[in-house]
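**Student:** Sharing a structure below in structure tokens format, with a few things to ask.
The values are calculated or read from the model by the stated rules, or taken from the named source; none is laboratory data. What you see is a predicted model, and the numbers here were worked out from it, not measured in a lab. Cβ sites come from the backbone with ideal geometry, for glycine too, and all protein chains shown count toward neighbours.
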Amino acid sequence: MATQQVGGLNEVGGWRIDIIVQGYPGKSVCHGGLGWSTIALLRGHGKVLLIDVGSFGQRQPIQDRLKVLGLTPGDVTDVLLTHSHWDHSVNWVMFPAARVVIGADELAWSLQQPWGTTPVPELYVRELANSAQTRRVRAGEAILPGISAHDTPGHTPGHLIFMLEGRDGDVIFTGDAAKNRAEILSRSADMTYDPAVSCRSIDRIWALWNRKPGSLLVPGHDVPMVLSQGEPTYIGARTAALYSWFGTDLDQTTLFELTVA
């Protein structure tokens, strides 16, 4: 999969935006977490920025797609984490030169979670808490030029979304506060510690999205969307598939497309 430019808003506020890994709105039926999360790359103002960084299975795609753009992990200057769950945070260790931004409340909460029972990657958040790369932030802070953090608890208590403000439209990176189009439309969330809190956070996302016509929403597990007559509308095609070896040798593969028309 090539990098995906985000429609007419691929340059906002001096930042060029590419989706280097497309999120997927699904759950595994019988093999545990699926966790294909969105990873966005922003370049501008002398910075190379990733918003969320995925998990182990996304390491090679991240490297491959950075290479296509003439970059290496060592070129990344900033990593912004919406929350601490493994499918969004584990790969912070890929970027040794990057400042790693995470909500102060999120990191504090993560360190208190019981080991071995939650989606928090215990050893990774412990290392993050002690790393010189880490910058703890709070809602309302300006993170980088035009980019601010906003509280959206529910999926986790300290979840943040990041908003990039532009003259002709904003870009809202929602992480798992609103994972996919179904959550946006229903104002309800799967995997939340408090459904009412998640509902209020999704309402807040709607309010931010409606501020400027043409603003883009980049969910944590779906294709970017714009509002068309008040309806969330995808700006790209969803791509997801699996190859399986069900034959008698490695040259025989079966392709399963994980999308609908």
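**Student:** Only one of 132, 182 is of a type in the set (A, V, I, L, M), modelled with pLDDT of 95 or more, surrounded by fewer than 20 Cβ atoms within 10 Å (Cβ to Cβ) and closer than 17 Å to residue 95 by Cβ. Can you tell me which?
**Tutor:** Just one listed residue meets the conditions, 132.
**Student:** Can you name the condition, by its number, that residue 48 falls short on among (1) surrounded by fewer than 19 Cβ atoms within 10 Å (Cβ to Cβ); (2) in contact with a helix residue (DSSP H, G or I) (Cβ under 9 Å, 6 or more places away or on another chain)?
**Tutor:** So the condition that residue 48 fails would be (1).
**Student:** Mind checking which residues of region 10-34 are surrounded by 14 or more Cβ atoms within 10 Å (Cβ to Cβ) and of a type in the set (Val, Ile, Thr)?
**Tutor:** 12, 17, 19, 20, 21
**Student:** When you check residue 72 against the structure, is it under 22 Å from residue 15 (Cα atoms) and surrounded by 24 or more Cβ atoms within 10 Å (Cβ to Cβ), yes or no?
**Tutor:** no
**Student:** Still on this structure, please answer the following. Give the residues of region 98-109 that are assigned to a helix (DSSP H, G or I) and either closer than 15 Å to residue 51 by Cβ or not small (Gly, Ala, Ser) (or both), sorted by residue number.
**Tutor:** 105, 106, 107, 109, listed by residue number.
**Student:** Considering (1) surrounded by 14 or more Cβ atoms within 10 Å (Cβ to Cβ); (2) farther than 17 Å from residue 22 by Cβ, say which one residue 245 fails and leave the rest.
**Tutor:** In the conditions (1) surrounded by 14 or more Cβ atoms within 10 Å (Cβ to Cβ); (2) farther than 17 Å from residue 22 by Cβ, residue 245 misses (1) alone.
**Student:** Restricting attention to region 204-261, and to residues there that are farther than 27 Å from residue 186 by Cβ and among the hydroxyl-bearing types (Ser, Thr, Tyr), which single residue is farthest from the chain's Cα centre (by Cα)?
**Tutor:** Top of the filtered list is 248.
**Student:** Go through region 213-234 and give me each residue that's at pLDDT 95 or above, of a type outside the set (Gly, Ala, Ser) and either buried (at least 16 other Cβ atoms within 10 Å of the Cβ) or assigned to a loop (DSSP other than H, G, I, E, B) (or both).
**Tutor:** Across region 213-234, the qualifying residues are 216, 217, 218, 219, 221, 222, 223, 224, 225, 226, 227, 232.
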